[in-house]
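The values are calculated or read from the model by the stated rules, or taken from the named source; none is laboratory data. None of the values given here were measured: they were computed from a predicted structure. Glycine gets a Cβ as well: all are built from the backbone with ideal geometry, and neighbour counts include every protein chain shown.
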Amino acid sequence: MKIVYCGCGKFGIDSLNALKASSHQLVHIITHPEKQAGRGRKLRANDVAQWAEQNNMSFTTLEDINSAEGVELVKKLEPDLLVVIAFGQKISAEIIKIAPKGAINVHGSLLPKYRGAAPINWAIINGEIQTGISIITLAEKMDAGEILAQAKINIADDDSADIVHDALAKIAAPLLIETIDKIEAGRAVYTKQDNSKATRAPKLKKSDGNLDFNQSARAIHNKVRGLWPWPGAAACFVSAGNNKKYPVIISRTKVVQEDGKHDKAGRVNADFDIDCGSGSLKILELKPHGGKIMDFKSFLNGRASGQGDYFGPLEGNWQ
């Protein structure tokens, strides 16, 4: 089948490689224009545009695929099917109808759970031990289309969002090709979602990263994993020796005690663990503001660490 791919994120790169190697014809890619990125705020092409250039694949950048320009482009390409992965634009019914087989989307959760822009992050934050990939049709309501295929993976206790992201992207690629083959052969099964079981996974904000050590050690651990690498789990370390405040992003933790109340949430105890609202947490790695990732004891060196050190809420927005 002739396929037009719509996407801009790294999540779809494995699927692009699979499409290129398949019996189907990847005729064109539609992606986003260059955006400013990094400290220098230089214009940078997204991962999909870079892939297209490296693989000599024709592509077009559009601010709005539903514009007159977008509609005319898709009509000219005459695709049999649209494949949409991490695109960030809602595609109109007018565009979808151009392709005889419609449009399908690869989503990073076991729908109907975690509909929205950040399904991987919220699954980890909520302590899920299993997640997966869903391939669905595009519908008027976000992530509410009919399910064509699903595949599951387990989430380990030390898995962060970037690890789960890459694992899901890897299993999505063969599942996508299998699904397209079934659509072409007329063997695809379309299953409606149970909307009563739908949950949300809204886009993350920087403020979502602010830690509250009055929560349980388990809740904080899950938040650290789910927010890495962006926006990161942010806190402020207060040194007992010099009373200075050091903003940090905590990148890796381990729950050392599930239960138990403490006099002061956020305190660094004698074992260099962090007392939480319930239980305690070991910080394995963190990133000081303007610095590099390091282990916790290395961070304490040179910061007048002593009895009475504690972590509190981040003051200001520096990430």
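Odds and ends about this structure:
- Against the test of being closer than 30 Å to residue 268 by Cα and in contact with a His (Cβ under 6 Å, 6 or more places away or on another chain), the options 231, 247 yield a single qualifying residue, 247.
- Any hit, segment 20-28, residues being assigned by TED's automatic domain parsing to the domain that holds residue 183, assigned to a strand (DSSP E or B) and without any contact (Cβ under 8 Å) to a residue 24 or more places away in the chain: no
- Test for residue 152: is it charged (D, E, K, R), surrounded by fewer than 24 Cβ atoms within 10 Å (Cβ to Cβ), in the same structural domain as residue 190 (by TED's automatic domain parsing) and out of contact with any Lys or Arg (no Cβ under 9 Å at 6 or more places or on another chain): yes
- No other residue among 37, 52 is at pLDDT below 95, over 19 Å from residue 97 (Cα atoms) and not acidic (Asp, Glu) apart from 37.
- Contacts under 6 angstrom Cβ, first residue in segment 48-70 being closer than 13 Å to residue 17 by Cα and of a type outside the set (Asp, Glu), partner in a helix (DSSP H, G or I) and modelled with pLDDT under 95, 6 or more apart: none
- Selection from segment 129-142 of residues that are under 17 Å from the mean Cα position of the chain (by Cα), closer than 19 Å to residue 172 by Cα and in a loop (DSSP other than H, G, I, E, B): 129
- Unmet criterion (only one of (1) outside any helix (DSSP H, G or I); (2) surrounded by 13 or more Cβ atoms within 10 Å (Cβ to Cβ)) for residue 71: (1)
- Put simply, of 262, 289 the only residue that is touching a residue at least 40 places away in the same chain (Cβ under 8 Å) and either of a type in the set (Lys, Arg) or assigned by TED's automatic domain parsing to the domain that holds residue 213 (or both) is 289.
- Residue 153 vs. criteria in contact (Cβ under 8 Å) with a residue 24 or more places away in the chain and of a type outside the set (D, E, K, R): no
- Restricting segment 305-318 to residues that are within 28 Å of the chain's Cα centre (by Cα) and part of a strand (DSSP E or B), the residue that is modelled with the lowest pLDDT is 312.
- So residue 181, is it among the acidic types (Asp, Glu) and either in the same structural domain as residue 260 (by TED's automatic domain parsing) or closer than 26 Å to residue 114 by Cβ (or both): no
- Members of segment 279-304 that are part of a loop (DSSP other than H, G, I, E, B) and in contact with a strand residue (DSSP E or B) (Cβ under 8 Å, 6 or more places away or on another chain): 279, 289, 293, 303
- Contact map, segment 93-112: first residue farther than 16 Å from residue 143 by Cβ and in contact (Cβ under 8 Å) with a residue 40 or more places away in the chain, second residue surrounded by fewer than 24 Cβ atoms within 10 Å (Cβ to Cβ) and of a type in the set (Asp, Glu), Cβ cut-off under 7 Å, separation 6 or more or different chains; pairs are 99/80; 101/80.
- Some residue of segment 107-125 being within 19 Å of residue 194 (Cα to Cα), part of a helix (DSSP H, G or I), of a type outside the set (Ser, Thr, Tyr) and modelled with pLDDT of 95 or more: yes
- Filter result for residue 88 (assigned to a loop (DSSP other than H, G, I, E, B), at pLDDT below 95 and touching a His at 6+ places or on another chain (Cβ under 8 Å)): yes
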